[in-house]
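Derivation of every value follows stated rules applied to the coordinates shown; laboratory data play no part. Nothing here was measured: the structure is a model prediction, and the numbers come from that model. Cβ placement follows ideal geometry from the backbone for every residue including glycine, while neighbour counts extend to all protein chains displayed.
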């Protein structure tokens, strides 16, 4: 499943778009959602509600990075790699406009780079 609420920007639009849905039934299955960054929780809340409506047996969330200070939706990950401050991060697969994704570390992007 591929879902987004960013649509190319640095802030969530609040509108969750399913880019690619699941290819098979998950009814009575144990489901683990793997997230890169949990921020507002808007996208994740929408996904969990959708998947629960498909009658899953259980549903858990794991995230590499968690920004709890940005949370707007009532949702938490069961497993968290690291809690981080409210800064825009790139590297290790995370990008800004397709840049910085291949950095071998996760770093903070200076606001002047993305606020133009």
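Highest average first, the peptides 67-78, 17-28, 94-105 ordered by how many other beta carbon atoms sit within 10 Å of their residues are 67-78, 94-105, 17-28. Panel note: the C-alpha atoms of the chain, placed on their principal axes, show extents of 47, 27, 25 Å (largest first). One chain, two ends: residue 71 and residue 15. Fully extended at 0.36 nm per residue, the span grows by 18.6 nm beyond their Cα-Cα distance. Against the chain, whose longest principal axis comes from its Cα atoms, helix 42-53 is set at around 10 degrees. Spin-label model, residue 54/residue 32: points 7 Å from Cα along the beta carbon direction are separated by 1.7 nm.
Taking all Cα pairs closer than 8 Å and separated by 6 or more residues, the relative contact order of the chain comes to 20 percent.
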